[in-house]
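The values are calculated or read from the model by the stated rules, or taken from the named source; none is laboratory data. Since we're looking at a predicted model, the values are computed, not measured. Positions of Cβ are backbone-derived with ideal geometry, glycine not excepted, and every protein chain shown enters the neighbour counts. Accessible surface areas use protein heavy atoms only, side chains included; no ligands, DNA or RNA. Shrake-Rupley method; radii C 1.70, N 1.55, O 1.52, S 1.80 Å.
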Amino acid sequence: MEYRKIRAIISGGGTGGHIFPALSIANQLKALNPETEILFVGANGRMEMEKVPAAGYKIVGLDISGLNRKLLSAANFKLPYKIWKSRQTAKKLIREFKPDIAIGVGGYASAPLLSAAQSLGIPTLIQEQNGFAGLTNKILGKKAKSICVAYEGMDRFFPADRIILTGNPIRKEIVPADEAMRSEAMSFYGLNPEKKHLFIVGGSLGSRTLNVSMQKWIEAGCTGGEDIEVIWQCGKYYKAGVDEFMAGRNLPNILYSDFIKRMDLAYAAADVVISRSGASSISELCAAHKASIFVPSPNVTEDHQTHNAMALVRKDAGMIVRDADAPQQLMETACALLADPQKIASIEKNVALLAKTDAAQTIADEVYRIIG
């Protein structure tokens, strides 16, 4: 296939689960043809407005937000106007940029941008990360040229003849660790290779439930002692509270921070990972061949994180603890798994079979097929 120069708009964001796949797609398109021009469209005030420019791409923000859970809130009454205004702005951007294709990865900005593109005759591609499609993507999928999905059975939500099972695009550095990489991870984090290692990751924003579970474990005196070292990503929203909790506690075997800069090395160090079950997190854990315990967030549309996790649990490729049960059960479950190397090896073997590491290239090829 000839990868000619193209112009693409990529829209979406809100969390790392949307942003990192979007950047993976953009990076792949640029790798195939460095002259390709890419414009990102995000939501003002959201994470993409910081992360996308840091990755070297231009981004334009729309004044758009989601539906407030308190239905009678003032923000919800303003929402129809925000949607209308964002769609008008999106149309203006499309007319000025003249894209060959518009790609939506989910998030607030994706709906007005892709809707505007479809109304102007611009071909669209949707990248649906989760095992349960949200309402916006189900509506946009009716007119999309292709829907790239990460899970089987998505014809419940989209036209079957336009679905392509690609997996989720992930960061290229996420790979199964060899001995050299594991040694680098031990050195980078100052860990003892003779001990067992637990990595707790609450996603780009952190997780209150995972933090509370960890704190209860520490308060109970079950800190891993001489046997376990912990890398604990608490999230920027919770960092101050965790700082206060950890003050005065002499726990050198527990390393905590708000953000993990070297996820590849954190995965490499871990014997077991505790994680939310956002689509990108699951895809990375599959690619890294990690034994994981998932705690699906209850604060997501259609409980899609449970659907994501169960796709692995049903194939003995992961474990699950309900959010409500986590403070009492999570760390006990993790310690039991750490003490069972045969169980860890079995999960690692099964999760490796689910890894799809060429998703970005497959999606890029689909982009070129659509454009012709």
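Here are 278, 235: which of them is at positive phi, at pLDDT below 95 and surrounded by 15 or more Cβ atoms within 10 Å (Cβ to Cβ)?
Being at positive phi, at pLDDT below 95 and surrounded by 15 or more Cβ atoms within 10 Å (Cβ to Cβ) holds for just one of 278, 235, which is 235.
Could you tell me which of the residues 243, 258 is free of Cβ contacts under 8 Å to residues at least 60 places away in the same chain, of a type in the set (Asp, Glu), surrounded by fewer than 20 Cβ atoms within 10 Å (Cβ to Cβ) and within 22 Å of residue 47 (Cα to Cα)? None of the others qualify; the one that does is 258.
Only strands (runs of 3 or more DSSP E) wholly contained in the range 101-168 count here; list those with 3 or more residues that are in contact with a strand residue (DSSP E or B) (Cβ under 7 Å, 6 or more places away or on another chain) and not aliphatic (A, V, I, L, M).
124-128
Looking at the range 248-261 only, could you name the residues that are under 24 Å from residue 335 (Cα atoms) and part of a loop (DSSP other than H, G, I, E, B)? Please lay out each step first, then the result.
Residues of the range 248-261 that are under 24 Å from residue 335 (Cα atoms), as a first pass: 249-260.
249, 250, 251, 252, 253, 258, 259, 260 - these are the residues of the range 248-261 that are under 24 Å from residue 335 (Cα atoms) and part of a loop (DSSP other than H, G, I, E, B).
I'd like the full set of residues that are part of a strand (DSSP E or B) and out of contact with any Pro (no Cβ under 6 Å at 6 or more places or on another chain), limited to the range 9-42. Steps first, please.
Taking the range 9-42 first, the residues part of a strand (DSSP E or B) are 9-11, 37-42.
If the condition is that a residue be part of a strand (DSSP E or B) and out of contact with any Pro (no Cβ under 6 Å at 6 or more places or on another chain), then 10, 11, 37, 38, 39, 40, 41, 42 are the ones that fit.
Considering (1) modelled with pLDDT of 95 or more; (2) under 29 Å from residue 46 (Cβ atoms); (3) not small (Gly, Ala, Ser), the lone condition that residue 271 does not fulfil carries the number (2).
Name the one entry in 185, 180 that is open to solvent by less than 10 Å² (accessible area, probe 1.4 Å) and over 21 Å from residue 332 (Cα atoms). It is 185.
Would a scan of the range 195-212 turn up a residue that is closer than 23 Å to residue 343 by Cβ, open to solvent by 60 Å² or more (accessible area, probe 1.4 Å) and modelled with pLDDT under 90? No. Scan the range 169-205 for residues that are at negative phi and touching a strand residue (DSSP E or B) at 6+ places or on another chain (Cβ under 8 Å) and report the count. The number of residues fulfilling the criteria is 12. When residue 108 is tested against (1) over 15 Å from the mean Cα position of the chain (by Cα); (2) modelled with pLDDT of 90 or more; (3) hydroxyl-bearing (Ser, Thr, Tyr); (4) buried (at least 24 other Cβ atoms within 10 Å of the Cβ), only condition (2) is not met.
Please work out if residue 149 is free of Cβ contacts under 8 Å to residues at least 60 places away in the same chain and either crowded, with 19+ Cβ neighbours inside 10 Å or out of contact with any Pro (no Cβ under 6 Å at 6 or more places or on another chain) (or both). Taking the combined requirement at face value, the residue satisfies it.
At pLDDT below 90 and either assigned to a helix (DSSP H, G or I) or open to solvent by less than 40 Å² (accessible area, probe 1.4 Å) (or both): is that true of residue 45 in this structure?
Details: at pLDDT below 90: yes; either assigned to a helix (DSSP H, G or I) or open to solvent by less than 40 Å² (accessible area, probe 1.4 Å) (or both): no.
For residue 45, the condition - at pLDDT below 90 and either assigned to a helix (DSSP H, G or I) or open to solvent by less than 40 Å² (accessible area, probe 1.4 Å) (or both) - is not met.
Of all the criteria given as (1) under 17 Å from the mean Cα position of the chain (by Cα); (2) part of a strand (DSSP E or B); (3) among the aliphatic types (A, V, I, L, M); (4) closer than 30 Å to residue 28 by Cβ, the one not satisfied by residue 231 is (1).
Only a single item in (1) open to solvent by 50 Å² or more (accessible area, probe 1.4 Å); (2) touching a Leu at 6+ places or on another chain (Cβ under 9 Å) is not met by residue 348, and it is number (2).
Which residues, counting only those in the range 274-294, are part of a helix (DSSP H, G or I) and not β-branched (Val, Ile, Thr)? Listed by number, the residues that qualify are 279, 280, 281, 283, 284, 285, 286, 287, 288. For the range 54-84, the tally of residues that are part of a helix (DSSP H, G or I) and either touching a strand residue (DSSP E or B) at 6+ places or on another chain (Cβ under 6 Å) or modelled with pLDDT under 85 (or both) stands at 11. Once the range 311-327 is narrowed to residues that are part of a helix (DSSP H, G or I) and in contact (Cβ under 8 Å) with a residue 24 or more places away in the chain, the residue that is surrounded by the most Cβ atoms within 10 Å (Cβ to Cβ) is 312.
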